[in-house]
Amino acid sequence: MSGKHILALSGGVGGAKLAAGLAAVTSGDDLTIVVNTGDDFEHLGLTICPDMDSVTYALAGLNDNERGWGVENETWQAMAMLRALGEEGWFNLGDRDLAMHIARSWRLRAGETLSQVTARLTRELGIDHAVVPMSDDLVRTQVLTDAGWIDFQRWFVGNQCADKVFDVRFEGAQRARPAPEFRAALERDDLAAIVLCPSNPFLSVDPILSIPGVRDALAERQVPLIAVSPIIGGSAVKGPLAKMLAERGQVVNNLAIARHYQDHWGDLLDCLLIDHADEADVPVLQARGLTVAVTRTLMREAADRERLAKEVLAIAGI
Ligand code: FO1
C-alpha cells in the first residue's frame, strides 16, 4: 500500500473521541474526518450542528468530557436570560457554545457553505486536520414515533429518547451531494483506509451512507474499511443505540452491528474492532467472513483515544 490517508466517518461523542485520537497520531494532510449533519437543526434562528461541534471541540481540546457534548468550563447565562424572556428552554445552549452557533449562522446566512464555515472555524481553533460536513446540502434526521415523524433533536433532547422509534429517515439525503472535501477524500490516490468511528450506525453513520454515491464510492475503493464498534460489554456506552436495537427486536451485541453494515449496506465492512468484554462475539463475526480485532475500546482519556487510533492504523497496515 502506497498511501497513508485516512477517511474517518463520525457522529458525535464516541466518534468524536476516536476522531480526536486519529488527529493526535496523524499529520494534518493524512486525515479527513467526515461528520454527520443529520442531527443539525435550526433553533432560535441559529444553525446548530451538534456532531460537527462535538468533533471540533474534541480536536480543539475544548470538549466537555463529562457531559459528552458542548464546551468545557461552560456557563449558562444566555440560556437563563432566554428562559426569562419566555423563549424555548428545552435545548441547552451554553455561553461559549453559543458563540460557535452565532459565528456559523451569520456566515451561512451571508452565503458561505457549511464546508467553508467549518474550515474557517476549525482553523481559527487551531485544528490542522480537515473536519468536513458530510454534505453542504440540508439533510435532517427524523424518527417515526407514535406521535408521527418528529425531528431528531425534538426526540433526542426534547423527548429524552423516551418514545419508541419505529423508523428513521434522512430528509433531503436523496438530493444531497457529498461535500467537496468528502468527494476529494474518496478520490485520493493515497487513500489507505476508511474508518467508521464508534458512533450509532442508525443515527450517525447511516445519514452519511445515505447520500447518493457514497456507499458505492466507499465500497469501490480497494482499501480496508474498519469499523470500531460502539458496543461495549453488550451495551452502548452512551445514547439510544441499545434501546433502538431492543426496539427492533435485536440483541444488543456486535452481531447486530455487523449485520447492519454487511446486510443492510451490502458487505461494506472488512474488519470490526470490538471490546475485550465482547470477545464471545468473535466466532459468530468470523463466521460471517469478517476480520475481527479485539482491544479495549472505551476512551476515557486522551491516552485511550490515541492508543485506539494507533491500533486502527496498525490494522490498516499504516
Ligand atoms: N444534548 C442533550 O441531551 N441536551 C441538551 O440540551 C443538548 C444541547 C446541545 C447543544 C449543542 C450541541 O452541540 C449539542 C447539544 N446536545 C444536547 C447534544 C446533542 O443533542 C447530541 O450530541 C447529538 O445530536 C447526538 O449525537
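Among the residues of segment 49-70, which ones are closer than 23 Å to residue 154 by Cβ and either over 15 Å from the mean Cα position of the chain (by Cα) or among the charged types (D, E, K, R) (or both)?
If the condition is that a residue be closer than 23 Å to residue 154 by Cβ and either over 15 Å from the mean Cα position of the chain (by Cα) or among the charged types (D, E, K, R) (or both), then 51, 53, 64, 67 are the ones that fit.
In segment 277-289, what residues are over 11 Å from residue 234 (Cα atoms) and either at pLDDT below 95 or surrounded by fewer than 20 Cβ atoms within 10 Å (Cβ to Cβ) (or both)?
282, 283, 284, 286, 287, 288, 289
Would it be correct to say that residue 307 is surrounded by 14 or more Cβ atoms within 10 Å (Cβ to Cβ), within 24 Å of residue 219 (Cα to Cα) and of a type in the set (D, E, K, R)?
For residue 307, the condition - surrounded by 14 or more Cβ atoms within 10 Å (Cβ to Cβ), within 24 Å of residue 219 (Cα to Cα) and of a type in the set (D, E, K, R) - is not met.
Within segment 81-99, which residues are more than 14 Å from the ligand (Cβ to nearest atom) and part of a helix (DSSP H, G or I)?
The answer is 81, 84.
Can you go through 226, 232 and tell me which one is crowded, with 22+ Cβ neighbours inside 10 Å, in contact with a strand residue (DSSP E or B) (Cβ under 8 Å, 6 or more places away or on another chain) and under 23 Å from residue 13 (Cβ atoms)?
226
Say we look at segment 179-209 and pick out the residues that are part of a loop (DSSP other than H, G, I, E, B) and either within 16 Å of the ligand (Cβ to nearest atom) or hydroxyl-bearing (Ser, Thr, Tyr) (or both); which of these is surrounded by the fewest Cβ atoms within 10 Å (Cβ to Cβ)?
My answer is 200.
What's the total number of residues in segment 100-142 that are away from the ligand (no atom under 16 Å from the Cβ), among the β-branched types (Val, Ile, Thr) and surrounded by 17 or more Cβ atoms within 10 Å (Cβ to Cβ)?
The total comes to 2.
Any idea which of 16, 8 is within 21 Å of residue 197 (Cβ to Cβ), within 12 Å of the ligand (Cβ to nearest atom) and aliphatic (A, V, I, L, M)?
Exactly one residue qualifies, and that residue is 16.
Please determine, by comparing only the residues of segment 1-27 that are small (Gly, Ala, Ser) and modelled with pLDDT under 95, which one is surrounded by the fewest Cβ atoms within 10 Å (Cβ to Cβ).
2
Pick from 131, 157, 165: which is aliphatic (A, V, I, L, M), in a strand (DSSP E or B) and closer than 23 Å to residue 238 by Cβ?
Result of the check over 131, 157, 165: 131.
Consider segment 143-169. How many of its residues are more than 14 Å from the ligand (Cβ to nearest atom) and among the aromatic types (Phe, Trp, Tyr)?
2
Among the residues of segment 35-79 satisfying the criterion of being assigned to a helix (DSSP H, G or I), near the ligand (Cβ under 10 Å from one of its atoms) and free of Cβ contacts under 8 Å to residues at least 60 places away in the same chain, which is nearest to residue 103 (Cα to Cα)?
Out of the qualifying residues, it is 53.
For segment 80-109, how many residues are free of Cβ contacts under 8 Å to residues at least 60 places away in the same chain and aromatic (Phe, Trp, Tyr)?
Total meeting the criteria: 1.
Looking at segment 233-244, is at least one residue more than 16 Å from the ligand (Cβ to nearest atom), of a type outside the set (A, V, I, L, M) and over 26 Å from residue 66 (Cα atoms)?
Scanning segment 233-244, I find no residue that is more than 16 Å from the ligand (Cβ to nearest atom), of a type outside the set (A, V, I, L, M) and over 26 Å from residue 66 (Cα atoms), so the answer is no.
In the set 270, 304, which member is under 22 Å from residue 190 (Cα atoms) and either in contact (Cβ under 8 Å) with a residue 60 or more places away in the chain or not aromatic (Phe, Trp, Tyr) (or both)?
So the residue among 270, 304 that is under 22 Å from residue 190 (Cα atoms) and either in contact (Cβ under 8 Å) with a residue 60 or more places away in the chain or not aromatic (Phe, Trp, Tyr) (or both) is 270.
Is there a residue in segment 226-245 that is over 24 Å from residue 39 (Cα atoms) and in contact with a helix residue (DSSP H, G or I) (Cβ under 7 Å, 6 or more places away or on another chain)?
Within segment 226-245 (the criterion being over 24 Å from residue 39 (Cα atoms) and in contact with a helix residue (DSSP H, G or I) (Cβ under 7 Å, 6 or more places away or on another chain)), the answer is yes, since at least one residue qualifies.
The values are calculated or read from the model by the stated rules, or taken from the named source; none is laboratory data. Quantities reported herein were computed from a predicted structural model and do not represent experimental measurements. Please note: Cβ atoms are built from the backbone with ideal geometry, for glycine as well, and neighbour counts cover all protein chains shown.
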